[in-house]
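Working notes, beginning with the structure itself.
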Amino acid sequence: MSYEKIISYWTSSQIKTRADLEAILNGQIINFAYHSGKIENDNITYNDTRDIFERDTLSNYTGDLRTIFEIRNAKDAMNFVMEAFDQQRAFDEKFIKELHYELTKNTYDERRYSIGERPGEYKKHDYVTGREEVGALPEDVPEEIGELLNDLAETNLDSPKHILTAAAYFHAKFENIHPFADGNGRTGRLATNYFLMNHNHPPLIIHEEDRNDYYAALESWDTKQDLAPLKEFLTSQIEKTWQRQIQRMNRNNKGEI
């Protein structure tokens, strides 16, 4: 499945409104929420995610409450992104903070809450983000996020590959900065997709079964500032995300049932 064919499929669809976006994403909305949540919470299941997205309820659920809140928040966050796309909202600090709030409201544990951490607000303390990284110092987060957004604004975005490179750069830097006390992965993944869609580029699912490759690609940036592994990984995930849609389109073009 070629990246170029997926780009052609997306751009030829002329997606300009929320209705256009919902039509082309279809079941991918649930898949994105499931895989993104599952990467960091193994208690999340596809069936539970589908039930909440489609019926806003669960049957015979016996898991923990935090998992329910995370799935419900994913639905709210998707609605937030759809509305933002419809309104052509800027990809700025306010958008990122509001997106984080939607994804993490009612999920901060008592310990984080007791030391002043809040959904939608930058972290006030240090947290380990990887084997060799602890993220930006809390007092440096606003400046570093501002610099990251300025870098994006000054980036050449005149082709799909340039847009994907910018998205990879944003995601690598965002996770490296680790601006929030919790929910950085989910926020970074959904924010990256909003950036892509805002620039007429298809979004992608980072599949939970590929999480080790995902973490390795992020670590290449953390340790060597090497963006190539993440760009390659995201390209492979785009191809995996849109494989069925392209195959279905090819069958329809050939007059197959």
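Could you list, ordered by first residue, the pairs with Cβ atoms under 9 Å in which the first is in the stretch 185-196 and over 12 Å from K97 (Cα atoms) and the second is part of a helix (DSSP H, G or I) and basic (K, R), at least 6 apart or interchain?
Short answer, once both residue conditions are applied: none.
So K75 clears everything in (1) in a helix (DSSP H, G or I); (2) buried (at least 20 other Cβ atoms within 10 Å of the Cβ) except one condition, right? Which one?
(2)
Conditions: (1) modelled with pLDDT under 95; (2) surrounded by fewer than 13 Cβ atoms within 10 Å (Cβ to Cβ); (3) not small (G, A, S). E139 meets all but one. Number of the miss?
Result: E139 fails condition (1) only.
Within the stretch 222-257, track down each residue that is more than 25 Å from I29 (Cα to Cα), buried (at least 16 other Cβ atoms within 10 Å of the Cβ) and modelled with pLDDT under 95.
Residue satisfying the conditions is D222 alone.
Being closer than 21 Å to A77 by Cβ and either among the polar types (S, T, N, Q) or exposed (fewer than 14 other Cβ atoms within 10 Å of the Cβ) (or both) is true for just one of Y108, Y113, Y122. Which residue is that? Walk me through how you get there before you give the answer.
Working: Y108 fails: either among the polar types (S, T, N, Q) or exposed (fewer than 14 other Cβ atoms within 10 Å of the Cβ) (or both); Y122 fails: either among the polar types (S, T, N, Q) or exposed (fewer than 14 other Cβ atoms within 10 Å of the Cβ) (or both).
Residue meeting the stated conditions: Y113.
Output the residues belonging to the stretch 222-238 that are of a type in the set (S, T, Y), in contact (Cβ under 8 Å) with a residue 40 or more places away in the chain and within 21 Å of E208 (Cα to Cα).
Pass one, the stretch 222-238, residues of a type in the set (S, T, Y): 223, 235-236.
Still in the running and in contact (Cβ under 8 Å) with a residue 40 or more places away in the chain: 223, 235.
Scanning the stretch 222-238 gives a single hit, T235.
If you go through the stretch 20-55, how many residues are surrounded by 15 or more Cβ atoms within 10 Å (Cβ to Cβ) and either among the polar types (S, T, N, Q) or more than 26 Å from I71 (Cβ to Cβ) (or both)?
6
Looking at (1) in contact with a helix residue (DSSP H, G or I) (Cβ under 7 Å, 6 or more places away or on another chain); (2) surrounded by fewer than 17 Cβ atoms within 10 Å (Cβ to Cβ); (3) not in a helix (DSSP H, G or I), can you tell me which one D86 breaks?
Condition (3) is where D86 drops out.
Sort out which residues of the stretch 41-71 are within 14 Å of N31 (Cα to Cα) and outside any loop (DSSP other than H, G, I, E, B), and write them in order of number. Please lay out each step first, then the result.
Of the residues in the stretch 41-71, the ones within 14 Å of N31 (Cα to Cα) are 44-54, 71.
Scanning the stretch 41-71 gives Y46, N47, D48, T49, R50, D51, I52, F53, E54, I71.
Pairs under 6 Å by beta carbon, first residue in contact (Cβ under 8 Å) with a residue 60 or more places away in the chain and of a type in the set (V, I, T) in the stretch 86-104, partner crowded, with 19+ Cβ neighbours inside 10 Å and in a helix (DSSP H, G or I), six or more apart or different chains?
Hits for this filter: I96/A191.
Can you work out which of the residues in the stretch 157-173 that are free of Cβ contacts under 8 Å to residues at least 40 places away in the same chain and in a helix (DSSP H, G or I) is farthest from S8 (Cα to Cα)?
Initially, the stretch 157-173 is screened for residues free of Cβ contacts under 8 Å to residues at least 40 places away in the same chain, giving 158-159, 161-163, 166, 170.
Next, only the ones that are in a helix (DSSP H, G or I) stay: 161-163, 166, 170.
Details: K161: 13, H162: 15, I163: 15, A166: 19, F170: 24 Å.
If we take residues in the stretch 157-173 being free of Cβ contacts under 8 Å to residues at least 40 places away in the same chain and in a helix (DSSP H, G or I), then F170 is farthest from S8 (Cα to Cα).
Give me the residue from the stretch 1-19 that is loosely packed, with under 14 Cβ neighbours inside 10 Å and touching a residue at least 40 places away in the same chain (Cβ under 8 Å) and, out of that set, farthest from the chain's Cα centre (by Cα).
Quick first cut of the stretch 1-19, residues loosely packed, with under 14 Cβ neighbours inside 10 Å only: 2, 4, 8, 11-12, 14, 16-17, 19.
With the extra rule that they be touching a residue at least 40 places away in the same chain (Cβ under 8 Å), the set shrinks to 2, 11, 17.
Details: S2: 22, T11: 20, T17: 20 Å.
By that ranking, first place goes to S2.
The values are calculated or read from the model by the stated rules, or taken from the named source; none is laboratory data. Remember, it's a predicted structure, so these values are computed and weren't measured experimentally. Note that each Cβ is placed from the backbone with ideal geometry, even for glycine, and that neighbours are counted across all protein chains shown.
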